[in-house]
Amino acid sequence: MNFNKKKIFRWLRILILIYCSIGIAIYYLQDYFLFHPEKLDRSYQFKFNQPFEEVNIPMNQEDTINMVKFFPKEKPYRGVVIYFHGNMKNVERFAPFADVFTKKGYEVWMPDYPGYGKSTGKLTEEKLYQQALQVQKLAMTAYHSDSIILYGKSLGSGIAAYAAAGTTDKMLILETPYSSIPDIFGCYAFMYPVNRMINYKIPTVDYLQEVHIPVTILAGTSDWVIPHRCASKLKRSLKAGDQFISISGATHHDLNKSMKYYQVIDSLLNR
């Protein structure tokens, strides 16, 4: 009996140690899990297979948004897609996704986040919001709001939803989105109090409740980065006429390889 108790207590100590170790790792390494920027020297020359222009938008003495504008081959342009990209590397990784929009006559503005590419400054949640609004404000000097499309991919989905709240832009499109940053961690580590542990929040599910323009969400059923069951939590924030489209078999990184993806995007851009 005493032997069995000792064995049980030993395993309990081991489980508690593992639980605490994982919790400590989540807390102290959360930025490492969330952000994977690749910086570029300011003298670095972009090379893309479509017309583009690089612009720098100063926010203050320390923060500058570096943004690449991709252009259709022919004018007049139908509008602009502000593309908030994912958490990997920089604009070079996501540039190939611009042509689905430029082929339909839309400019694509793709800003890098602080610390990504040539953008400078320290990355914070508040800066992500401020810079998104600044890019949106600039777009409104070139286009009427009904010609502006906000597009968020992965990390960028919450930022795009924030920028779309209360606007009269044409539409909001979210690819592989999340309900909130803590919820992403909670999808894997449900046994931890992630709402108190995770510093970044970006509650997409809340921002969508303030979005009055049409919303389309695209999510892969085989997404292992942001599981489909977690993205599905956004359904409760959608209004009548909004769309949540599941792409069967698609993962976090290959929605654009699905014919259904192009059918949906073409249908939206042809409106």
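Please work out which one of (1) closer than 22 Å to PRO177 by Cβ; (2) of a type in the set (Lys, Arg); (3) crowded, with 21+ Cβ neighbours inside 10 Å is the condition LYS118 fails and give its number.
Result: LYS118 fails condition (1) only.
Among the listed residues VAL211, VAL215, VAL194, which satisfies the condition of being surrounded by 19 or more Cβ atoms within 10 Å (Cβ to Cβ) and modelled with pLDDT under 95?
Numbers: VAL211 fails: modelled with pLDDT under 95; VAL215 fails: modelled with pLDDT under 95.
Unique residue meeting the criteria: VAL194.
Touching an Asp or Glu at 6+ places or on another chain (Cβ under 9 Å), part of a strand (DSSP E or B) and at positive phi - does that describe any residue in region 76-87?
yes
If ASP31 satisfies every condition in (1) of a type outside the set (Gly, Ala, Ser); (2) surrounded by 13 or more Cβ atoms within 10 Å (Cβ to Cβ); (3) within 21 Å of the chain's Cα centre (by Cα) but one, which is the exception?
(2)
Looking only at region 71-127, count every residue that is farther than 17 Å from ILE57 by Cβ, among the basic types (Lys, Arg) and modelled with pLDDT of 95 or more and tell me the total.
Result for region 71-127: 5.
In region 175-197, which residues are outside any helix (DSSP H, G or I) and closer than 30 Å to ILE149 by Cα? Let's see the steps before the verdict.
Just the residues of region 175-197 that are outside any helix (DSSP H, G or I), to begin with: 175-180, 189-193.
Within region 175-197, GLU175, THR176, PRO177, TYR178, SER179, SER180 qualify.
Report yes if PHE94 is part of a helix (DSSP H, G or I), surrounded by 15 or more Cβ atoms within 10 Å (Cβ to Cβ) and either touching a residue at least 60 places away in the same chain (Cβ under 8 Å) or of a type in the set (S, T, N, Q) (or both), otherwise no. Lay out the reasoning, then the answer.
Details: part of a helix (DSSP H, G or I): yes; surrounded by 15 or more Cβ atoms within 10 Å (Cβ to Cβ): yes; either touching a residue at least 60 places away in the same chain (Cβ under 8 Å) or of a type in the set (S, T, N, Q) (or both): no.
No, not satisfied.
Among the residues of region 106-145 satisfying the criterion of being in a loop (DSSP other than H, G, I, E, B) and of a type in the set (Lys, Arg), which is farthest from LEU268 (Cα to Cα)?
For region 106-145, the residue satisfying everything is LYS122.
Here is a yes/no grid of residues against (1) under 30 Å from CYS20 (Cβ atoms); (2) in contact (Cβ under 8 Å) with a residue 12 or more places away in the chain:
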{"site": "GLY158", "(1), (2)": "yes, yes"}
{"site": "ASP169", "(1), (2)": "no, yes"}
{"site": "PHE185", "(1), (2)": "yes, yes"}
{"site": "TYR188", "(1), (2)": "yes, no"}
{"site": "MET191", "(1), (2)": "yes, yes"}
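When the residues of region 239-266 are filtered to those that are among the hydrophobic types (A, V, I, L, M, F, W, C) and touching a helix residue (DSSP H, G or I) at 6+ places or on another chain (Cβ under 7 Å), which remaining residue is farthest from SER179 (Cα to Cα)? I'd like the intermediate steps shown before the answer.
Taking region 239-266 first, the residues among the hydrophobic types (A, V, I, L, M, F, W, C) are 240, 244-245, 247, 250, 255, 259, 264-265.
Within this subset, residues satisfying the condition of being touching a helix residue (DSSP H, G or I) at 6+ places or on another chain (Cβ under 7 Å) are 244-245, 247, 255, 265.
Numbers: PHE244: 13, ILE245: 15, ILE247: 18, LEU255: 19, ILE265: 22 Å.
Ranking the candidates gives ILE265 first.
Might you let me know whether region 16-25 holds any residue that is modelled with pLDDT of 95 or more, of a type in the set (Val, Ile, Thr) and at negative phi? Can you show your working first?
Start the filter on region 16-25 by keeping residues that are modelled with pLDDT of 95 or more, which leaves none.
The answer is no, given that none of the residues of region 16-25 is modelled with pLDDT of 95 or more, of a type in the set (Val, Ile, Thr) and at negative phi.
Identify all residues within region 164-174 that are outside any loop (DSSP other than H, G, I, E, B) and crowded, with 24+ Cβ neighbours inside 10 Å; write none if there are none.
Answer for region 164-174, where residues must be outside any loop (DSSP other than H, G, I, E, B) and crowded, with 24+ Cβ neighbours inside 10 Å: ALA164, LEU172, ILE173, LEU174.
I'd like to verify a number: residues in region 146-158 that are in a helix (DSSP H, G or I) and surrounded by fewer than 24 Cβ atoms within 10 Å (Cβ to Cβ), how many? Please lay out each step first, then the result.
Here is the first cut: in region 146-158, the ones in a helix (DSSP H, G or I) are 146-147, 155-158.
Then drop every residue that is not surrounded by fewer than 24 Cβ atoms within 10 Å (Cβ to Cβ), which leaves 146-147.
Going through region 146-158 one residue at a time, the tally reaches 2.
Identify all residues within region 198-252 that are part of a helix (DSSP H, G or I) and polar (S, T, N, Q); write none if there are none. Give the steps one after another, and end with the answer.
Going through region 198-252, the residues part of a helix (DSSP H, G or I) turn out to be 204-210, 228-237.
Answer for region 198-252, where residues must be part of a helix (DSSP H, G or I) and polar (S, T, N, Q): THR204, GLN209, SER232, SER237.
Out of ASN60, ASN66, ASN49, which single residue is in a loop (DSSP other than H, G, I, E, B) and either in contact with a Leu (Cβ under 8 Å, 6 or more places away or on another chain) or under 30 Å from PRO182 (Cβ atoms) (or both)? Even if it seems obvious, please write down each step before you answer.
Working: ASN66 fails: in a loop (DSSP other than H, G, I, E, B); ASN49 fails: either in contact with a Leu (Cβ under 8 Å, 6 or more places away or on another chain) or under 30 Å from PRO182 (Cβ atoms) (or both).
Criteria check complete, one pass: ASN60.
The values are calculated or read from the model by the stated rules, or taken from the named source; none is laboratory data. Note that this is a predicted model, so its numbers are computed, not measured. Neighbour counts run over all protein chains shown; Cβ positions are idealised from the backbone, glycine included.
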